[in-house]
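Below: one structure, written as structure tokens.
The values are calculated or read from the model by the stated rules, or taken from the named source; none is laboratory data. If you're wondering where the values come from, they're calculated on a predicted model, not measured in any experiment. A quick note on method: Cβ atoms are made from the backbone with ideal geometry, for glycine too, and the neighbour counts reach across all protein chains shown. Please note that ligands, DNA and RNA were not included when accessible areas were found on the heavy atoms of the full protein model with its side chains. Shrake-Rupley method; radii C 1.70, N 1.55, O 1.52, S 1.80 Å.
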Amino acid sequence: LATVTREVNRRVVPVTDNEHWGVEDRWDFAEDGSGDCEDYQLLKRRALAALGVPRRALRMTVVIDDEGLGHAVLI
């Protein structure tokens, strides 16, 4: 878990969907090296599933952060 998290966090440059795609919200794999919170989590989820972690154990949710904004997390 820690290795996958570090690797994805190292590989992906944070950028908003508006800057990246010109839209308010788009869930996509950050395969081009840029993405926002949900894009990071999608990559982490796929990598962990490929390592054998059961998909049912890899849930995503959206929480409200300290600034009152939505933030996707893998739980």
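Brief remarks on what is shown
- Heavy-atom accessible area per residue - the chain, 1.4 Å, Å²: 68
- Solvent-accessible area, 1.4 Å probe, carbon plus sulfur percent, for the chain: 53
- Using just its DSSP H runs of length 4 or more, each adding -39500 (n - 2.57), the chain gives a mean residue ellipticity at 222 nm of -11000 deg cm²/dmol after division by all residues.
- Degrees, to the nearest 10: 2-11 long Cα axis against longest axis of the chain: 40
- Under-5 Å amide H pairs with Val15, H placed in peptide plane, nonlocal only: Gly35, Asp36
- For region 13-46, the residues whose backbone nitrogen is under 17 Å from a point 7 Å from the Cα of Val53, taken along Cα to Cβ, are 29-30, 37-46.
- Nearest-10 value in Å² for the accessible area of Glu31, using the 1.4 Å probe: 130
- For the chain, modelled as a GNM whose springs connect Cα atoms under 10 angstrom apart, the maximal fluctuation among Asp36, Asp65, Asp28 occurs at Asp65.
- Summary value for the chain: 25 percent relative contact order, contacts being C-alpha pairs under 8 angstrom separated by 6+ residues.
- 0 to 90° range, to nearest 10: angle between helix 37-50 axis and the chain longest Cα axis: 20
- Point-to-point label distance, Val15-Trp27, nm (Cα→Cβ direction, 7 Å offset): 2.2
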